[in-house]
Every structure is written in C-alpha cells, then in structure tokens.
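What follows is calculated from the coordinates using simple rules that are stated; it is not laboratory data. Just so we're clear, the structure is a prediction, and the values are computed from it rather than from any experiment. Every residue, glycine as well, gets a Cβ built from its backbone with ideal geometry; the counts of neighbours run over all protein chains shown.
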Amino acid sequence: MTTTSSSRSGARIERLALSRFTTLGVGGPAEVWFVSDHAQLHEAMQAPYRILGGGSNLVIADDGVPERVIRLTGALAERDLTPDPELSDEEQLVTGWVGGGVPLPGLIRTLQKLGLSNLEGTVGIPAQVGGAVWMNAGTRYGEMFDGLHSLEIVTPGEVRVVTPDDLPWGYRDSGIPRGHIVTRVRLKLRRSTPQEVLEKMTLADTARKGQPKMKTPGCAFKNPGGVSAGRLIDEAGLKGTRVGQALIAPEHANFIVNLGGAAAADVHALLDLIRGRVGLPLELEYELWPEAPLAGLAADGSGTGGEQRAASTGTL
C-alpha cells in the first residue's frame with residue numbers, strides 16, 4: 001500500500017515504482033517528492049536528489065534509486081503564453097513563464113493553434129519542458145533553444161534567471177551544470193499561422209514514421225561520426241534480437257522496446273550485446289539510473305524528455 005506524507009513546506013511525498021513515470025515502463029521504487037513551488041523545491045534539494053520529468057530517454061534500475069526523486073507540479077507545471085508587451089512586436093512574441101513540469105507535446109499543440117513558430121521541430125518528443133530544455137531536445141527540424149528567451153534555474157542555494165547567450169549550449173546539450181534544475185522558461189516565438197506551423201510539424205512527424213510505437217526510451221546510441229547507429233546495429237545482425245521482454249526493434253535497430261513486463265536488466269543485456277558486436281565505439285544516448293555516485297551524493301541523471309541532470313553539487 002502506498003503511504004503518502006507531507007514535508008514541512010507542504011510537498012507531497014510518496015514511495016512509488018518509477019516505472020509509472022518512464023516511457024520504457026521499467027524502474028524500481030524511490031521516495032518521490034511532488035513539489036509545486038520554490039519553497040518545496042528548496043526543501044527537497046537539501047538531500048541527494050534526482051529530477052524526473054517525462055521519463056523518456058531513461059532506463060531506471062529494477063531496484064530503483066536511493067535518492068529522493070523530484071517531480072515538478074502545481075505552479076511549476078503551469079504555462080502563461082500571454083505576450084510580454086515590452087519584448088513582443090509584430091514579428092516576435094515573448095511569453096510569460098512556462099513551468100518546467102509542463103508536458104511538451106501539449107504545449108506544442110497549443111502553439112500550433114495560436115500560429116506561433118520556433119518549436120514545432122520538437123513535435124512528438126514525450127518530455128516535460130524542463131527536461132527538454134536541459135538537454136536541448138530536438139530533431140533535425142529544430143530544437144528547444146530555437147525558442148528560448150530566458151530560463152529560471154534553481155540550485156540548493158539560489159534562483160537565477162539566465163539567457164541562452166549565458167550558456168555554452170549545443171547539440172543535445174544546454175550547457176547547464178549538474179545540480180541545477182530548470183524550473184521555468186520564457187519562450188521567444190515567431191508569429192506565423194496555424195497552417196504554416198502545422199505543415200512544419202507534419203514534416204518533422206513524418207520523419208518518425210519508421211520508428212517503433214511500443215514502450216521505448218527512444219534512440220539508444222548517438223550516431224558515431226555521422227554514421228547511423230541504427231544501420232551499424234542492423235549490419236551486426238542484431239535487429240529483432242530479444243532478451244527477456246526487451247527487444248531491439250525490427251522497425252529501427254537503434255530502438256529498444258518493452259514487449260510487456262521487461263526488466264531493466266533485459267535492456268542492459270541488449271545494450272552490452274550491441275556494444276560488443278558493433279565495430280565502432282558507441283556513446284549511449286539513454287541515461288542510466290543509477291550510475292557511479294558523485295562525491296557520495298546523487299548519481300547523474302538526465303533525459304530527452306524529461307530528465308534533468310540532478311545531483312546536489314555544482315554551480316552555474
């Protein structure tokens with residue numbers, strides 16, 4: 001039976017299986033803190049922690065993790081798309097604050113209906129805004145930093161507002177140090193039309209048609225030196241290989257899917273098999289929880305969709 005309690009600042013605390021929060025559907029138990037404001041977040045960050053958003057791009061161990069796991073809710077999962085009159089004009093619109101816990105897919109659909117462009121290249125990414133910003137999630141048609149005006153970033157000791165120019169961001173990387181949580185952002189968008197934005201979304205979505213539709217964390221490995229990791233895995237004869245209830249997808253060899261009831265150990269076995277069989281070094285795109293501990297504190301964890309690297313250490 002799940003036991004629910006509250007922290008001093010009012011955060012809801014439950015011990016839950018993390019599999020319910022991941023797109024792969026694996027992961028053991030942890031103490032989950034549902035925080036809705038800065039006071040609750042500050043309290044949650046006073047012990048080793050991890051931040052969990054949309055749960056994509058993440059493989060969590062069957063035993064779970066010992067650190068507390070933070071989920072952004074309430075005011076930190078709300079969005080204000082009202083134009084800032086001082087920063088907006090006929091061509092560009094800068095929004096109010098959009099919470100890090102806001103689901104990205106719903107946000108993209110709303111922006112399309114409003115005819116606001118710059119983020120449609122992220123269509124289909126099952127992340128929350130904070131995690132998507134954290135690793136600059138995107139596709140070949142666009143990425144999160146295309147539409148960012150400013151970011152609110154929280155550490156155990158302070159709250160700071162920065163701009164993209166303040167960060168060494170790049171491909172699938174925001175440049176934000178570990179120990180920092182993206183709590184809110186302001187979007188910088190181009191005024192367009194709903195039809196034009198929809199056409200760009202359709203272009204990006206069409207490129208995904210060959211990807212599996214089952215439970216998956218997304219692409220397993222980054223493309224080494226511009227060579228397709230999926231093609232390398234396919235050429236190694238591994239497409240369709242199964243361990244337990246985990247399968248290298250027949251549709252695309254760089255995806256591992258959960259057939260139903262897969263364990264994290266099944267996924268790790270497939271990852272090891274791929275690395276041992278492919279002739280080139282492959283860099284993992286998944287985040288693994290846990291990894292080696294950081295100075296005795298929380299291990300490193302982030303994701304395309306929803307995981308922000310979180311350990312109670314580091315400065316911006």
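The C-alpha radius of gyration of the stretch 79-206, expressed as a fraction of 2.2 N^0.38 Å, stands at 1.00. Taking one quarter of the surface of the convex hull spanned by the alpha-carbon atoms of the stretch 1-118 gives a direction-averaged projected area of 9.2 nm². Where the alpha-carbon atoms of the stretch 63-132 are placed on the principal axes, they occupy 53, 25, 14 Å, in descending order.
Rg of the Cα atoms in the stretch 213-253, relative to 2.2 N^0.38 Å, amounts to 1.16.
Taking only alpha carbon atoms, the stretch 108-160 gives an Rg to Rh ratio of 1.03, where Rh is the Kirkwood radius.
Across the alpha-carbon set of the stretch 80-121, the Rg to Rh ratio works out to 0.96, Rh being the Kirkwood radius.
Find, to one decimal place in angstroms, the Kirkwood hydrodynamic radius of the stretch 4-73, where the mean of 1/r is taken over every pair of different Cα atoms and then inverted. Walk me through the intermediate numbers first.
Working: mean 1/r = 0.0830 Å⁻¹.
In the stretch 4-73 this quantity evaluates to 12.0 Å.
For the options Gly55, Gly276, Gly260, a Gaussian network treatment of the chain with springs between C-alpha atoms closer than 10 Å singles out Gly276 as fluctuating the most. Size of the stretch 163-277 from its Cα atoms: along the principal axes, largest to smallest, the extents are 47, 39, 32 Å.
Equivalent-ellipsoid semi-axes for the stretch 141-218 (Cα gyration tensor, √(5λ), whole Å, largest first): 29, 19, 11.
Taking 1 over the mean of 1/r across every pair of different Cα atoms in the stretch 174-218, what Kirkwood radius in Å do you get? Before the final figure, lay out each step's value.
Details: mean 1/r = 0.0688 Å⁻¹.
When all Cα pairs of the stretch 174-218 are included, the Kirkwood radius is 14.5 Å.
For the chain, the number of Lys pairs separated by eight or more positions or lying on different chains, with C-alpha atoms closer than 25 Å, is 13.
Please report the projected area of the stretch 224-285's Cα convex hull averaged over all directions, in nm². Walk me through the intermediate numbers first.
Working: hull surface 15.5 nm².
Result: a mean projected hull area of 3.9 nm².
Here the Gaussian network model covers the chain, with springs between Cα atoms less than 10 Å apart; of Leu203, Leu151, Leu107, Leu203 fluctuates the most.
Among Thr23, Thr193, Thr216, the order by Cβ neighbours within 10 angstrom, fewest to most, reads Thr193, Thr23, Thr216. Separation of the stretch 182-251 and the stretch 20-43, taken as the distance between their Cα centroids, equals 25 angstrom. Tell me the label only: which of (1) 21.9, 72; (2) 19.4, 58; (3) 20.9, 67 is Rg and Dmax of the Cα atoms in Å as calculated from this structure? Of the listed options (1) 21.9, 72; (2) 19.4, 58; (3) 20.9, 67, (2) comes from this structure. For the chain, adding -39500 (n - 2.57) for each run of n ≥ 4 DSSP H residues and dividing by the number of residues yields -5500 deg cm²/dmol at 222 nm.
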